Amino acid sequence: MSYEEAKKRYASVGIDTDAAIAALKKVPVSLHCWQGDDVHGFDTDPDMPLTGGIQTTGNYPGRARTPEELMADLDTVFAMVPGQPKMNLHACYAIFDNGEWADRDKLEPKHFKKWVDFCKQRGLGCDFNPTFFSHPKCDPLTLSSPNPETRKFWIDHGKACIRISNYLADELGQPCTMNIWTGDGFKDIPADRMGPRVLYRESIDEILKEPYDFSKVKPCIESKVFGIGVEAYTVGSAEFALSYAAMNTDKCIPLMDNGHYHPTEVVSDKIPALLAFFPEIALHITRPVRWDSDHVVLFDDETKEIAKEIVRCGGLNGRVNIALDYFDASVNRVAAWITGFRNVQKALLNALLQPVDELKALQDGGSFTKLMVMQEEMKTMPFGDVWTEYCRVCGKPADGEWLPQIEEYEKKVLVNRV
Ligand code: RNT
Ligand code: ZN
């Protein structure tokens with residue numbers, strides 16, 4: 001079927017495909033830099049293990065080892081994805097000039113100047129994350145450590161990151177979300193579950209005392225259920241993170257990562273619950289397989305439902321900050337990056353092509369039979385033709401056209417990184 005025919009089919013249920021395409025083109029989706037190098041970064045020795053209870057598995061060739069390699073890979077991703085990407089950096093991706101180095105508590109905006117130049121040249125905004133893991137000062141706790149010296153180091157890191165986020169927002173003219181996540185927790189049953197949480201709360205309070213304009217720098221609090229090696233207790237649990245955000249709505253927003261809940265809980269259902277209270281929320285879109293495994297995002301049911309809730313709740317108008325968070329080292333990393341980004345675009349486009357008002361009227365009128373049938377029949381609409389048109393309008397390859405180019409990039413560039 002051609003786009004023109006698809007457009008007519010959608011018009012028959014009251015949907016304007018051109019309007020959907022035009023709307024999606026403008027929605028920023030934050031692309032995480034850490035898929036390109038297995039969450040290593042550049043500020044610690046290359047043998048520093050990944051800590052914090054997160055893990056990349058696989059040893060596919062081609063991991064980016066330098067800022068230049070990572071930026072080249074990012075450009076390859078940008079060439080293959082439709083829509084409006086935004087960069088998302090972790091503090092450990094600081095770029096130091098000729099032998100200069102600064103520890104995390106001493107990081108400065110200048111260590112991100114090269115990233116600012118990179119974003120400016122490409123017209124991108126940039127989000128930011130303090131890196132509270134993979135560092136000798138994790139004892140293994142960070143912001144919730146009983147050791148005041150450890151806590152101070154990490155509080156100073158958080159403050160430095162606010163100053164850097166402020167710099168990114170000012171230089172790039174777009175708000176910067178700054179996500180606070182720590183892997184703090186215990187492998188086995190703790191004796192004191194409240195103490196670390198009180199310290200964590202106080203540490204975040206200290207970090208957020210660093211001045212910032214909340215319309216430009218948006219600190220987020222991300223919760224988690226458990227990590228590898230921290231199975232029994234997570235300091236920043238769901239209740240902790242949500243309560244912190246709820247008690248500090250003038251200072252921060254909650255962030256939900258869909259890998260961070262029990263397996264039968266769904267973030268799609270939590271989005272409208274939070275938006276009933278919070279003016280703004282943030283998301284990490286990932287794919288948990290049995291645990292928070294951070295598999296590449298697919299065009300699967302829950303990703304589609306998350307996108308539908310973002311659209312239905314008016315989240316595309318700035319109320320939902322959308323970011324990606326997955327890391328797979330078992331396949332071509334660049335192809336993984338592209339696949340996840342394109343799938344989030346697909347899910348958002350699909351959501352924009354739903355007859356939201358009509359379905360809502362059916363629900364409100366109690367017509368649940370028709371609601372079920374219509375929702376099912378929307379699944380066989382010619383979505384693929386609208387997707388192909390979206391890629392064309394954005395000047396990006398359609399499905400089937402980009403992988404051969406990445407295979408070439410692998411042969412020419414990635415395999416040489418040994
Ligand atoms: C970990 C969290 C966190 C990290 C990134 C690297 O479980 O999801 O967001 O993945 O900060
Ligand atoms: Zn996350």
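The values are calculated or read from the model by the stated rules, or taken from the named source; none is laboratory data. It should be emphasised that the depicted structure is a prediction, and the values quoted were computed from it without experimental measurement. In this analysis, Cβ positions are derived from the backbone assuming ideal geometry, glycine residues included, and neighbour counts consider all displayed protein chains. The area values use the complete protein model at the heavy-atom level, side chains included, leaving out ligands, DNA and RNA. Shrake-Rupley method; radii C 1.70, N 1.55, O 1.52, S 1.80 Å.
Some points to look at:
- Per-peptide average of other Cβ atoms within 10 Å, ordering 333-344, 156-167, 91-102 highest first: 333-344, 156-167, 91-102
- Each residue, LYS113 and MET372, gets one label point 7 Å from its Cα in the Cβ direction; the gap between the two is 6.4 nm.
- Once backbone amide H atoms are built at 1.01 Å from N, TYR233 has PHE186 as its partners under 5 Å, excluding neighbours fewer than 5 places away on the same chain.
- Grouping the Cα pair distances of region 38-179 into 5 Å bins from zero gives a pair-distance distribution of 2, 9, 18, 21, 21, 16, 9, 4, 1, 0 percent in increasing distance order.
- Gain on full stretching of the segment that runs from ASP16 to ASP105 - 0.36 nm per residue minus C-alpha separation: 27.0 nm
- Amide H contacts for ILE285 (H built 1.01 Å from N in the peptide plane; partners 5 or more residues away or on another chain; cut-off under 5 Å): ALA323, LEU324, ASP325.
- Scaled radius of gyration (Cα, divided by 2.2 N^0.38 Å) that region 204-307 gives: 1.12
- Helix axis angle, 113-122 relative to the chain longest principal axis, alpha carbon, degrees: 10
- Between ALA273 and ASP139, the distance separating the two model label sites (each 7 Å from Cα on the Cα→Cβ line) works out to 3.5 nm.
- Relative to its residue count, the chain spans a Cα convex hull of 142 Å³ per residue.
- Taking 0.36 nm per residue of separation and subtracting the Cα-Cα distance, full extension of the segment from GLU265 to LYS8 would add 88.8 nm.
- Gain in span if fully extended, TYR60 to VAL415, counting 0.36 nm per residue against the direct Cα distance: 126.9 nm
- When you restrict to C-alpha pairs under 8 Å that are six or more residues apart and normalise by the size of the chain, the relative contact order lands at 21 percent.
- The orientation-averaged projection of the convex hull spanning the C-alpha atoms of region 329-418 amounts to 8.0 square nanometres.
- By accessible area, using a 1.4 Å probe on protein heavy atoms only, the chain has 54% of its surface on carbon and sulfur.
- Placing +1 on each Lys and Arg Cβ and -1 on each Asp and Glu Cβ, with no other charges, gives region 168-316 a dipole about its Cα centre of roughly 180 debye.
- Overall form of region 119-163 per C-alpha gyration tensor (a/c, 1.5; a/b vs b/c): prolate
- 1.4 Å probe accessible area per residue over the chain, in Å²: 43
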